Structure formats: structure tokens, C-alpha cells
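The values are calculated or read from the model by the stated rules, or taken from the named source; none is laboratory data. All values reported here derive from a predicted model rather than from experimental measurement. Glycine also receives a Cβ, built like all others from the backbone with ideal geometry; neighbour counts cover every protein chain displayed.
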């Protein structure tokens, strides 16, 4: 069984793909362990990546994951901006439907993810691609590379 440490190692390597309302790829963000940032950060505020799929070590089936993700998105406050996204392993071996959101504080984003049983969320800023644990543990930070489509 995968441990929390295993999952966090995967989070630190995960890439993000953001899509428009028609499913077309808009951009891809990849962590950069050198700490460098490559590309133009597209927002004026921090962005968070949230999912309700596969909470912790649990692996519900596709239908339950889809139901959970729809319910999480429905909980987002009206003032947020959101884009369909997918976070996962670079090689495609694991991926989760996600939502890229602007308009939440770190505390709001982490609290929402924690209610859905998540270990952590991603935060993207001009300075870093970060993994923020939902249990109050220390965050990890890398640089990032943006590929716009």
C-alpha cells in the first residue's frame, strides 16, 4: 500500500494540464527542481489546484471520483475563477481530474481540500510551484516551467 511519504513524493513531481471549456489544452505546468521559473505567470493572484478524487490512500472508482469532483467544484465560492485541469504523473501512469482556481486564500483552499480527504494541494505563484499539505505539515517548493498552447 502506498504511504503518505510515497504520495507526497509523487505530488512533488506532478505536472498540471489546464483545459478550456471545450477540452482543448491551454497550458501545462511542470515543476522545476532547480528553482527556476520559465514562462509568464498568467494570473495576478496565486492559483490553487484542487481535486476530490482519490482521497489519501483511498481509491474510489471512476463514477465516485467524478461525483466527488463535481461536488467539490459546486462548493467553490461564486467569486472564484476556475479552469478544468488534470494533475498527475509526467508519464501518464496516474492522473486526477482537478480544478485550477483563483480567488481563494491558501487557508480556504487547504480547508476545502481537507474536507474532501485530500493530503495536499498545489499552489502556483510567480515565484514557485508548491505542495501545501492539508495536515499543517511543511510546504515544499520548486520552480516551474509553463508551456502555453
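So here's what we get for this one:
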quantity: Segment 1-22: number of residues that are over 9 Å from residue 88 (Cα atoms) and either assigned to a helix (DSSP H, G or I) or at pLDDT 85 or above (or both); calculated: 11
quantity: In segment 29-41, the residues that are closer than 14 Å to residue 16 by Cβ, part of a loop (DSSP other than H, G, I, E, B) and touching a strand residue (DSSP E or B) at 6+ places or on another chain (Cβ under 7 Å); calculated: 39
quantity: Positions within segment 63-116 being touching a helix residue (DSSP H, G or I) at 6+ places or on another chain (Cβ under 6 Å) and at pLDDT 95 or above, in sequence order; calculated: 99
quantity: So residue 137, is it surrounded by 13 or more Cβ atoms within 10 Å (Cβ to Cβ) and either touching a strand residue (DSSP E or B) at 6+ places or on another chain (Cβ under 7 Å) or under 23 Å from residue 22 (Cβ atoms) (or both); calculated: no
quantity: Residues (in contact with a strand residue (DSSP E or B) (Cβ under 9 Å, 6 or more places away or on another chain) and buried (at least 18 other Cβ atoms within 10 Å of the Cβ)) located in segment 42-72; calculated: 46, 47, 48, 49, 50, 51, 52, 53, 54, 65, 69, 72
quantity: Leading residue by the ranking (nearest to the chain's Cα centre (by Cα)) among those in segment 125-146 that are without any contact (Cβ under 8 Å) to a residue 24 or more places away in the chain and in a loop (DSSP other than H, G, I, E, B); calculated: 139
quantity: Some residue of segment 64-87 being within 14 Å of the chain's Cα centre (by Cα) and within 17 Å of residue 143 (Cα to Cα); calculated: yes
quantity: Output for segment 77-124, where each listed residue is surrounded by 17 or more Cβ atoms within 10 Å (Cβ to Cβ) and assigned to a loop (DSSP other than H, G, I, E, B); calculated: 103, 104, 116, 118, 119
